[in-house]
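Before any comments, here is the structure.
The values are calculated or read from the model by the stated rules, or taken from the named source; none is laboratory data. This one's a predicted model, so the numbers in the text were calculated from it and none came from an experiment. Cβ placement follows ideal geometry from the backbone for every residue including glycine, while neighbour counts extend to all protein chains displayed.
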Number of protein chains: 2
Amino acid sequence: MAQTVILSLDMGGTTLSYGLVQPDGRVRFQRAVGTHARGRGEAVIQQVLEVTRTLLEVASRRRLRVSGIGIGVPGTVDVARGRIRDNIQNVPELEGVALGPLLRRRFALPVHLDNDVNAHTLGELYFGRGRGVQNFAMLAAGTGVGGGIVIGGKLLRGRRGYGGEAGHTTVNLDGRPCFCGSIGCIKTYSSGPDIAAQARERLQTAQPGRLLELCGGDPRRLTARDVFAAARANDPIALEVVEIAGRALGAGVANLVNLLNPEMIVLGGGVLEASDLLLPRIKRWAASYAFADALRGTRLVVSRFIKRSSIRGAAALFLYETDRPPRSG
Amino acid sequence: MAQTVILSLDMGGTTLSYGLVQPDGRVRFQRAVGTHARGRGEAVIQQVLEVTRTLLEVASRRRLRVSGIGIGVPGTVDVARGRIRDNIQNVPELEGVALGPLLRRRFALPVHLDNDVNAHTLGELYFGRGRGVQNFAMLAAGTGVGGGIVIGGKLLRGRRGYGGEAGHTTVNLDGRPCFCGSIGCIKTYSSGPDIAAQARERLQTAQPGRLLELCGGDPRRLTARDVFAAARANDPIALEVVEIAGRALGAGVANLVNLLNPEMIVLGGGVLEASDLLLPRIKRWAASYAFADALRGTRLVVSRFIKRSSIRGAAALFLYETDRPPRSG
C-alpha cells in the first residue's frame, strides 16, 4: 500500500514553508520560499496555489498517497469556515479570504487551516516536546509573537479562534503601542522586528559601537540577528534590548504559569534561535514574576522545530482536525 | 424524605461566611463572622470547627440531611489532599494545614476544599452567571484579587492548583511590588487594601480634600469604600486611584480575552460593589487592550453573589467534587 502524506504549508511572516509529511511526522520533502512583499494578497494566494501544485507533483512522482492539506497562516482564523479572519500584521489583504474552501475546490482535497502558532502547538503535541503532555502552552517569538494552549489534550481555540494569543497580552499598562491597537503587548518587546526597532531607537542617541558596525553604519538595516550578535560581543545597547525582550517573554511565561499552571511551556519561533542569550533571561524573569511553587511544576523547554521548518505543525493540524489523535509519547 | 443540605463555608480575607445550602442552590441558613486577626492560625481553625458545629446543630434541629462539607479558603490548595498549600496573604500560619482531613476526622463527613475564588467560580457555574456556559473566566477583586477558569465545563486547576490566579498576573513589568514576590500584579492596583494604599500614598503630598474628610483626617483609617465615596464626590485623588484600579482590571479582562477567548467573564468580589464606578472603566480599558473582535464575543458581567455571601460557591465545590454536574441553565 502506498505511503500516505499530508500536503503541509506554513505561511510565516517572512517565509512560506511547504512539504510532504507522513502521519508519523516524518518529512518526505521540504522547501521554503520568501513570502511576497506585504500588501499583495492576490500574489500570496497565487504562491500558495503554486507550491500546492508542486507538492502534488512531487507526491505523484514518488507514488505517495495524499490525504489532504494542512496550512498554518499568521493571524486569526475562522476554523469552521477555513477563512482567514484577521491577518493581523503581515498581509492585510488576506483578511477575510476563505483560503480553505478555495484550496478545497481547486484540488478536491480536504483542507484544514488555522493560525500558524496553533498549528505549531499541535506539531509539538503530535511530534515534539508536547508528546504525551495533556496540558501545556506555547509561546513563539518570530516576526510576531504568538501562542497556543493545550488543555486536556485539546487545543484551546476559544469562542472566535483567538485562544492562545499570549503574544498580545499586556505586560506593560503604559508600554509600547502595538499594531494590534493595544499597548505593552509582549510582542512589542520580543518579536524580531521589535527587537531591531528597540535597538534602532537607542542607536539614535548612542555612541557608535559594535551594533552600528554590524549593520554597516545604517540603523535602518539593523535586524534582530545583528542585535544578538552584538549582545554576544557585549555591546551595551544590544544587551539592554535582549534583556527587555527576555523580561517580557519571562513575564509572559510567568503569567501563563500563574493562570494555567501547565505541565510544560514550549518556547519557539525564530527569535529563540538566540536561546543561548534569551533562555537564561527568560528563566530569571519568569522566576521573579511567577509563584515559585507553581513554576517548579512547569517544565520550560525550547522547541526542536525552530531552525527546521514548522510544516510538521500544519500536518499535525490536519491529523487533529480529522480526529487522528497523537500516538502516545 | 428529608431535604439534603451541604455545610458550606467561605473563608474570605476578612469574613468567614457559613451556611446550609441545598443542591439546587437554595440557601437554608446563613451567617458570617469576622475572621480572627492575622497571624493566628490555630484560632482560625477553632473558628472553623465552631461554625461547623453550629451548622450541624441547625441542620439537625431543622431535620435536614447533611451530605458533606464544602469550604473555600484564600490562597492555593492541594485539592487531592485537602491541604492549604500557600495561604498567601491572610493567615500565614494556615500554610500546610490539612484542613480537609481534619474536618473529615472530626465530623465523619466528606469534605471538599479549594481556593475561595475557584469555589466562587463553581458557584457561578452551578447557580450564577455561568449556568450553561462551557467556557468562562472569573476575576474577583476583594481583599486580594483571584480568578477562576472553566474550560469545557471543567474547572482549570492546573498541575499544582494555581490555575486561574489571574490576580497575580503581571500587567506592569516595572509596577508595584506584590506580597507574592512578583511585580505589577493586577492585585497591586485593584484589591481593596491596594486601592486604599494607593490613595493613602497620594494623600501624603496632596491638599486636604473630600478623601481626608471621609477618614476623619487620618489617612491610616482610609478604606477602599472611602475612596469610592470620594470618587463619587469627584475627589481628584480618588478618581485617579479608581481609574488605575479599573485600568488594571480592564487589562486583566483583555488578557483573559486574548488568551482564552471565553464566552463570558464574570467580575466579582467586594470591590465590585462599586461597579457603578468600576464597570465603565473596566470596559473602556478592556476595549483598549483586547482584540476588538475577540472582546465582542465575550460577555462581561458582574456576579450576583457580591453582597450576598459566596457560600453557594462552597456548596457548588462540594457538588462538583462529588460528580454532580450543574443542572442545565
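Within the group A:Leu239, A:Leu214, A:Leu249, which residue is surrounded by fewer than 24 Cβ atoms within 10 Å (Cβ to Cβ) and at pLDDT 95 or above?
A:Leu239
Within region A:73-89, does at least one residue satisfy the condition of being of a type in the set (A, V, I, L, M, F, W, C) and within 23 Å of A:Ala251 (Cβ to Cβ)?
Looking for residues that are of a type in the set (A, V, I, L, M, F, W, C) and within 23 Å of A:Ala251 (Cβ to Cβ), one finds at least one in region A:73-89, hence yes.
Only one of these conditions is not met by B:Arg225: (1) among the basic types (Lys, Arg); (2) part of a loop (DSSP other than H, G, I, E, B); (3) modelled with pLDDT of 95 or more. Which number is it?
So the condition that B:Arg225 fails would be (2).
Considering (1) over 18 Å from the mean Cα position of the chain (by Cα); (2) modelled with pLDDT under 90; (3) on the phi < 0 side of the Ramachandran plot, say which one A:Asn87 fails and leave the rest.
(1)
Has region B:307-326 got at least one residue that is under 21 Å from B:Pro193 (Cβ atoms), surrounded by fewer than 20 Cβ atoms within 10 Å (Cβ to Cβ) and out of contact with any Phe, Trp or Tyr (no Cβ under 9 Å at 6 or more places or on another chain)?
Yes - at least one qualifying residue is present in region B:307-326.
Of the residues that sit in region A:4-14 and are touching a helix residue (DSSP H, G or I) at 6+ places or on another chain (Cβ under 9 Å) and part of a strand (DSSP E or B), which one is surrounded by the fewest Cβ atoms within 10 Å (Cβ to Cβ)?
Among residues in region A:4-14 that are touching a helix residue (DSSP H, G or I) at 6+ places or on another chain (Cβ under 9 Å) and part of a strand (DSSP E or B), the one surrounded by the fewest Cβ atoms within 10 Å (Cβ to Cβ) is A:Val5.
Could you figure out which of (1) touching a Lys or Arg at 6+ places or on another chain (Cβ under 9 Å); (2) surrounded by fewer than 19 Cβ atoms within 10 Å (Cβ to Cβ); (3) more than 11 Å from every other protein chain (Cβ to nearest Cβ); (4) of a type outside the set (Asp, Glu) isn't true of A:Gly297?
Failed condition: (3).
In region B:179-209, what residues are part of a loop (DSSP other than H, G, I, E, B) and either buried (at least 24 other Cβ atoms within 10 Å of the Cβ) or over 19 Å from the mean Cα position of the chain (by Cα) (or both)?
B:Gly181, B:Ser182, B:Gly184, B:Ile186, B:Ser191, B:Gln204, B:Thr205, B:Ala206, B:Gln207, B:Pro208, B:Gly209
Please report, ordered by residue number, the strands (runs of 3 or more DSSP E) entirely within region A:27-82 with at least 3 residues that are touching a Phe, Trp or Tyr at 6+ places or on another chain (Cβ under 8 Å) and buried (at least 20 other Cβ atoms within 10 Å of the Cβ).
It comes to A:65-73.
Are any residues in region A:258-287 facing chain B (nearest Cβ under 7 Å), on the phi < 0 side of the Ramachandran plot and touching a residue at least 24 places away in the same chain (Cβ under 8 Å), and if so, which ones?
Listed by number, the residues that qualify are A:Asn258, A:Leu260, A:Pro262, A:Glu263.
Taking only region B:287-318 into account, find how many residues are of a type outside the set (D, E, K, R), at pLDDT 85 or above and under 19 Å from the mean Cα position of the chain (by Cα).
Number of matching residues: 11.
Conditions: (1) within 30 Å of B:Phe228 (Cα to Cα); (2) modelled with pLDDT under 95; (3) surrounded by 24 or more Cβ atoms within 10 Å (Cβ to Cβ). B:Gly161 meets all but one. Number of the miss?
The one condition B:Gly161 does not meet is (1).
If I go through region B:278-314 residue by residue, how many of them are in contact with a Leu (Cβ under 9 Å, 6 or more places away or on another chain), part of a helix (DSSP H, G or I) and not charged (D, E, K, R)?
Residues meeting the conditions: 10.
I need every pair where a residue in region B:155-169 that is facing another protein chain (nearest Cβ under 7 Å) has its Cβ under 7 Å from the Cβ of a residue that is acidic (Asp, Glu) and assigned to a loop (DSSP other than H, G, I, E, B), sequence separation at least 6 or different chains.
B:Arg159/A:Glu263
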